[in-house]
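Visitor: Below you'll find the structure I mean.
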Amino acid sequence: MSELTEDERRIVAYLRERVANGEAYVRSRHIADAVDMTANQVGARLANLTDKADEIEIEKWGRSRSTTWRVTSA
């Protein structure tokens with residue numbers, strides 16, 4: 001895994017738990033509640049993590065009211 005900031009590590013740890021059974025669809029605001037950040041902070045970091053996180057794959061999946069991210073184990 002590339003160098004991750006502390007915030008990025010918290011997000012990746014949360015996402016690893018969510019994808020323990022395969023895949024998960026998440027929104028920034030739900031992650032933000034769990035890792036004590038704002039949805040905007042999480043959304044900006046998720047975009048960067050698509051290239052940096054080796055253990056999980058993060059894909060921008062859909063956008064209705066807010067962006068949904070599809071997360072799977074790598």
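The values are calculated or read from the model by the stated rules, or taken from the named source; none is laboratory data. As the structure is a computational prediction, the values presented were derived from the model and not from experiment. So basically every Cβ, Gly included, is an ideal-geometry build from the backbone, and we count neighbours across all protein chains shown.
Visitor: Yes or no: region 20-38 includes at least one residue that is of a type in the set (A, V, I, L, M, F, W, C) and modelled with pLDDT under 90. Break it down stepwise before answering.
Guide: From region 20-38, those of a type in the set (A, V, I, L, M, F, W, C) are 20, 24, 26, 31-32, 34-35, 37; that's our starting set.
Subset that is modelled with pLDDT under 90: 20.
Checked against the condition, which is being of a type in the set (A, V, I, L, M, F, W, C) and modelled with pLDDT under 90, region 20-38 yields at least one hit.
Residues are listed down the side, and each one gets a yes or a no for (1) among the basic types (Lys, Arg); (2) within 18 Å of Leu4 (Cα to Cα); (3) in contact with a Lys or Arg (Cβ under 9 Å, 6 or more places away or on another chain):
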{"residue": "Asp36", "(1), (2), (3)": "no, yes, yes"}
{"residue": "Gln41", "(1), (2), (3)": "no, yes, no"}
{"residue": "Leu46", "(1), (2), (3)": "no, yes, yes"}
{"residue": "Lys52", "(1), (2), (3)": "yes, yes, no"}
{"residue": "Gly62", "(1), (2), (3)": "no, no, yes"}
{"residue": "Trp69", "(1), (2), (3)": "no, no, yes"}
{"residue": "Ala74", "(1), (2), (3)": "no, yes, no"}
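Visitor: Here is a further query. What are the pairs, 6+ residues apart or on separate chains, where a residue within region 13-42 that is in contact (Cβ under 8 Å) with a residue 40 or more places away in the chain has its Cβ under 7 Å from a residue that is in a helix (DSSP H, G or I) and of a type in the set (D, E, K, R)?
Guide: Sorted first by the residue in region 13-42, then by its partner, the pairs are Ala24/Arg18; Val26/Arg18.
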